[in-house]
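Participant: I have a structure I would like to understand better, so I am pasting it below and will then ask my questions one at a time.
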Protein chains: 2
Amino acid sequence: MKVVVIGASGDVGRTVCAELSKRHEVIEVCRSSGDYQTDMTDMASLERLFQAIGEVDAIVVTAGSVKFAKLQEISQAEFMYALSDKVMGQVNVVLAGMNYVRDGGSFTLTNGLLDQHPVPNGVGAATANAALSGFATAAAIEMPRNIRLNVVSPGLMDISYERYGKTLKGHEPVSSKIVAAAYAKSVEGSASGQRIIGE
Amino acid sequence: MKVVVIGASGDVGRTVCAELSKRHEVIEVCRSSGDYQTDMTDMASLERLFQAIGEVDAIVVTAGSVKFAKLQEISQAEFMYALSDKVMGQVNVVLAGMNYVRDGGSFTLTNGLLDQHPVPNGVGAATANAALSGFATAAAIEMPRNIRLNVVSPGLMDISYERYGKTLKGHEPVSSKIVAAAYAKSVEGSASGQRIIGE
């Protein structure tokens, strides 16, 4: 299969690329490195990306940022960032990329588990994570040409523990193999409209 | 109790006001009618509202719009409207109103069930509904002074069937009494961080 991974340079992205490149042709897309560059908040940038790459079998998104801030201090702009970057950015990839995915291909988005296991300062993340699960459920029933769409919720990966462990207090780290398997399940399996838990 | 209902003129808002005014002082807030007017996408407008009203025991939001459109045709702007109006608008009410709710008071937000029971053209609604559930879970753990926060998911009400029945094909209408009881449970009960299903 020909698989595009958007957000290939992050911890989750590198894990997914390492796993899928064992069996597939993987095209790495990042903001400023990789085989191609894109800004997923910009539809024109995404259109140029998919025109340059052409038809693919699967598009995986492991990109999207949020701001962590106390509920009592978070500004409208900081909160909105989670919605406009992590949520709208991933939705944009689906809207722009749909016509470039072959019949029976797939989209795999990425959220996280902070809506299920909330932490202090994580209100933007929790909202974005839940939003993407809702999107996956509803978008899957409208995808054309048997294209599947799922969202993977990675746990806190072992390789990310040093960076995020303090923010995600009480979250037990999971092996990056478990997270890689969740993405493989979405890309290589037959599920659609599902939230696949990687922990 | 002194209860503010933002979105008082809609079908859900009128139902909630009728129920809560049996036992409480209800202040009706709308975009252009009611006791007070506000635009909940505008923090300055919300600040003015709460300064004018002063301290209250509960704030209920039954406002928030989304665009219905086919997944294959929806624009970034149409999709974003669900996030900036329904999600960010309700979150703004919490951010602006928090200091005006008395100790042990409550917020009650409103989403809907389209992330659980998706319908064609409902991808923006499903995403917004899920987002607000994630927000409620995470925001509840950070609320100050024992303030509670829940989200009610009203089913398709009998009184709304004529307007929304065609959009929500397959959704069985529920008595508006059931929906009223879900809001009363949030305002008068002791739950927090919950999604209260009104169907």
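Participant: For the stretch A:33-142, give the percent of accessible area contributed by carbon and sulfur heavy atoms, probe 1.4 Å, rounded to a whole number. Don't skip to the answer; put the middle values down first.
Facilitator: Numbers: 1520 of 3550 Å².
Result for the stretch A:33-142: 43 percent of the exposed heavy-atom area is carbon or sulfur.
Participant: Could you state how much accessible area is buried at the B-A interface, both sides summed, with a 1.4 Å probe, in Å² to the nearest 100?
Facilitator: Numbers: alone 9520 and 9520 Å², together 15980 Å².
That pair hides around 3100 Å² of surface in total.
Participant: Right, here's the next one. Taking only protein heavy atoms and a 1.4 Å probe, what accessible area per residue, in Å², does the stretch B:25-124 have with all protein chains in place?
Facilitator: On the way: 3840 Å² over 100 residues.
I get 38 Å² per residue for the stretch B:25-124.
Participant: If you don't mind, another one. What are the residues of the stretch A:138-153 that lose 30 Å² or more of accessible area, with a 1.4 Å probe, going from their chain alone to all protein chains?
Facilitator: SASA drop of 30 Å² or more in the stretch A:138-153: A:A138, A:I141, A:E142.
Participant: Name the residues of the stretch B:56-79 whose accessible area falls by at least 10 Å² when all protein chains are present instead of the chain alone, probe 1.4 Å?
Facilitator: B:L71, B:Q72, B:I74, B:Q76, B:F79
Participant: Compute the long axis of helix A:11-20 from its Cα atoms, compare it with the longest principal axis of the Cα atoms of chain A, and write down the angle in degrees, 0 to 90, nearest 10.
Facilitator: 30
Participant: So which of B:K86/B:K169; A:K2/A:K22; A:K86/A:K166; A:K70/A:K169 end up more than 19 Å apart, counting from Cα to Cα? Mind showing how you got there, number by number?
Facilitator: On the way: B:K86/B:K169 22 Å; A:K2/A:K22 12 Å; A:K86/A:K166 21 Å; A:K70/A:K169 15 Å.
Check vs 19 Å cut-off fails for B:K86/B:K169; A:K86/A:K166.
Participant: Another question about this same structure. Using the Karplus curve 6.51 cos²θ - 1.76 cosθ + 1.60 with θ = phi - 60°, work out ³J(HN,Hα) for each residue of the stretch B:96-108 in order, rounded to whole Hz, and write x for Gly and Pro.
Facilitator: These are the phi-based 3J(HN,Hα) values: 7, x, 3, 6, 9, 9, 5, 3, x, x, 8, 10, 10 Hz.
Participant: Can you compute the charge dipole magnitude of the stretch B:2-198 about its Cα centre, using +1 on each Lys and Arg Cβ and -1 on each Asp and Glu Cβ, nothing else charged? Give it in debye, rounded to the nearest 20. Present the calculation step by step, with values, prior to reporting the outcome.
Facilitator: Numbers: 18 positive and 20 negative charges, 66 e Å.
That gives the stretch B:2-198 a dipole magnitude of about 320 debye.
Participant: What does the copy distance list look like for A:E73, label position 7 Å along Cα→Cβ, in nm and ordered from shortest?
Facilitator: So the label point of A:E73 gives 4.7 nm to the other copies.
Participant: Counting only residues 5 or more places away or on other chains, whose amide H sits under 5 Å from the amide H of B:M157 once H atoms are built in the peptide plane?
Facilitator: B:V174
Participant: Please give, to one decimal in nm, the separation of the simple spin-label points placed at B:A191 and B:D35, each 7 Å out from Cα toward the Cβ.
Facilitator: Roughly 2.6 nm, to one decimal.
Participant: Shifting gears a bit: Can you run phi through the Karplus equation (6.51, -1.76, 1.60; θ = phi - 60°) for the stretch B:78-91 and list ³J(HN,Hα) in whole Hz, with x for Gly and Pro?
Facilitator: Each residue's phi maps through the Karplus curve to give 5, 5, 4, 4, 4, 6, 7, 8, 5, 7, 5, x, 5, 4 Hz.
Participant: Just to confirm the numbers: B:A52, label point 7 angstrom along the Cα-Cβ line, distances to the other copies in nm, shortest first?
Facilitator: When each copy's label point is compared with this one, the spacings are 5.2 nm.
Participant: Find the centroid of the Cα atoms in the stretch A:150-199 and in the stretch B:13-85, then give the distance between the two in whole Å.
Facilitator: 36
Participant: Related question: Relative to the other copies, what are the label-point distances for B:I141, with labels 7 Å from Cα along the C-beta vector, expressed in nm at one decimal and sorted shortest first?
Facilitator: 3.1
Participant: Tilt of helix A:176-188 relative to the longest C-alpha principal axis of chain A, in degrees (0 to 90, nearest 10)?
Facilitator: Tilt of helix A:176-188: around 40 degrees.
Participant: Excluding B:V123 itself, what net charge comes from residues whose Cβ is under 12 Å from its Cβ, given Lys and Arg +1 and Asp and Glu -1?
Facilitator: Values: positive: B:K67, B:K70; negative: A:E142, B:E73, B:E78, B:D115.
Summing Lys and Arg as +1 and Asp and Glu as -1 gives -2.
The values are calculated or read from the model by the stated rules, or taken from the named source; none is laboratory data. Since this is a predicted model, take the numbers as computed values, not measurements. Positions of Cβ are backbone-derived with ideal geometry, glycine not excepted, and every protein chain shown enters the neighbour counts. Accessible surface areas use protein heavy atoms only, side chains included; no ligands, DNA or RNA. Shrake-Rupley method; radii C 1.70, N 1.55, O 1.52, S 1.80 Å.
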